Amino acid sequence: MPLPFLTADRAFDETADDAALPFDDRDHWRRPYRPGPWRVGAAALLLLLASFVLVAAVIIAFADSVAGAAVCAGLAVAIIAGALRLLRMGTWVSAHGLRRVAFLTTQTVPWAQVATVRTTQQPVRWMGLPRTVQGQALILVRRDEQAGGQQPLLTDRNADFMARHEAFNRAADSIEVWADEYRRTA
């Protein structure tokens, strides 16, 4: 059963014309691509681990150790929050600007501060690890930063686009279109 309300690119499927920005409400933050299978799989494993920890909390509570059950329940809540934050990570766009959501931080750049958004070939981190490999990156260049202050928004080797090069190209093109559209109006 298809669930079109869960897909990030449902507006692309519904429109017959090739509008650059086919979204109805551009003021809401949206990720213009689907989370990758690596990210979803890691979040699913974390949620599975959280369910085991919650079962352990119930067993400990029945054994009359309320403090231990509370610790286990707190750990399960922390694991669930981590899994949800892992799913939320990525690059988000709206009429207000461009937002980069990392695991612990969120940076929002208004369109007025964006100089350019472009795709380049450069060494990128593989799956977020310290190891770098040659790949493509979508780079954000801010107006107020030096040439060395470029930060990658997306890479073709992260958890969303590993072995999904067409999806990376589609997402990078979509974000570049958003940037071109709103840098002109900002």
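The values are calculated or read from the model by the stated rules, or taken from the named source; none is laboratory data. Because the structure is predicted, anything quoted here is derived from the model rather than measured. Don't worry about glycine lacking a Cβ; one is built from the backbone with ideal geometry, like all the others, and counts go over all protein chains shown. Protein only, heavy atoms only, side chains kept; ligands, DNA and RNA dropped before computing areas. Shrake-Rupley method; radii C 1.70, N 1.55, O 1.52, S 1.80 Å.
Restricting attention to the range 55-74, does a residue exist that is free of Cβ contacts under 8 Å to residues at least 60 places away in the same chain, assigned to a helix (DSSP H, G or I), in contact with a strand residue (DSSP E or B) (Cβ under 9 Å, 6 or more places away or on another chain) and not polar (S, T, N, Q)? Before you say what the answer is, go through the steps one by one.
Applying the first criterion (free of Cβ contacts under 8 Å to residues at least 60 places away in the same chain) to the range 55-74 yields 55-74.
From the residues that got through so far, the ones that are assigned to a helix (DSSP H, G or I) too are 55-62, 66-74.
Filter once more, keeping what is in contact with a strand residue (DSSP E or B) (Cβ under 9 Å, 6 or more places away or on another chain): none.
No.
Here is a check on your reading of the model: is ALA81 among the small types (Gly, Ala, Ser), open to solvent by less than 30 Å² (accessible area, probe 1.4 Å), at pLDDT 90 or above and over 21 Å from ARG183 (Cβ atoms)?
So ALA81 does not fit the description; no.
So GLN113 fits all but one of (1) more than 18 Å from ARG39 (Cα to Cα); (2) within 19 Å of the chain's Cα centre (by Cα); what number is the exception?
Among (1) more than 18 Å from ARG39 (Cα to Cα); (2) within 19 Å of the chain's Cα centre (by Cα), the lone unmet condition for GLN113 is (2).
Tell me which of these GLN136 doesn't satisfy, since it passes every other one: (1) assigned to a strand (DSSP E or B); (2) under 16 Å from the mean Cα position of the chain (by Cα); (3) in contact (Cβ under 8 Å) with a residue 24 or more places away in the chain.
(2)
Take LEU154 and tell me if it is in contact with a Pro (Cβ under 9 Å, 6 or more places away or on another chain), at pLDDT 85 or above, closer than 30 Å to LEU47 by Cβ and assigned to a strand (DSSP E or B).
It is false that LEU154 is in contact with a Pro (Cβ under 9 Å, 6 or more places away or on another chain), at pLDDT 85 or above, closer than 30 Å to LEU47 by Cβ and assigned to a strand (DSSP E or B).
Identify, please: which residue in the range 115-136 is more than 25 Å from ARG26 (Cα to Cα) and either of a type in the set (A, V, I, L, M, F, W, C) or touching a helix residue (DSSP H, G or I) at 6+ places or on another chain (Cβ under 6 Å) (or both) and is, among those, least open to solvent (accessible area, probe 1.4 Å)? Quick ask: steps written out before the conclusion?
In the first step, residues of the range 115-136 are kept if they are more than 25 Å from ARG26 (Cα to Cα); the result is 120-136.
In the following step, the residues that additionally are either of a type in the set (A, V, I, L, M, F, W, C) or touching a helix residue (DSSP H, G or I) at 6+ places or on another chain (Cβ under 6 Å) (or both) were identified as 124, 126-127, 129, 133.
Details: VAL124: 5, TRP126: 89, MET127: 56, LEU129: 85, VAL133: 31 Å².
Among them, the one singled out is VAL124.
What number of residues within the range 96-114 satisfy the criterion of being open to solvent by less than 30 Å² (accessible area, probe 1.4 Å) and not in a helix (DSSP H, G or I)?
So the answer is 6.
Name the residue, out of ARG142, ARG157, that is under 18 Å from the mean Cα position of the chain (by Cα), within 30 Å of GLU181 (Cβ to Cβ) and either open to solvent by 70 Å² or more (accessible area, probe 1.4 Å) or among the basic types (Lys, Arg) (or both).
Numbers: ARG142 fails: under 18 Å from the mean Cα position of the chain (by Cα).
Just a single option satisfies the conditions, and that option is ARG157.
So GLU166 passes all but one of these: (1) within 16 Å of the chain's Cα centre (by Cα); (2) assigned to a helix (DSSP H, G or I). Which condition number does it fail?
(1)
If we keep just the residues of the range 25-53 that are open to solvent by less than 70 Å² (accessible area, probe 1.4 Å) and farther than 30 Å from ASN169 by Cβ, which is farthest from the chain's Cα centre (by Cα)?
Within the range 25-53, the match that is farthest from the chain's Cα centre (by Cα) is VAL53.
Among the numbered conditions (1) at pLDDT 90 or above; (2) of a type outside the set (Ser, Thr, Tyr); (3) farther than 30 Å from TYR182 by Cβ, tell me where MET1 comes up short.
Unmet for MET1, out of (1) at pLDDT 90 or above; (2) of a type outside the set (Ser, Thr, Tyr); (3) farther than 30 Å from TYR182 by Cβ: (1).
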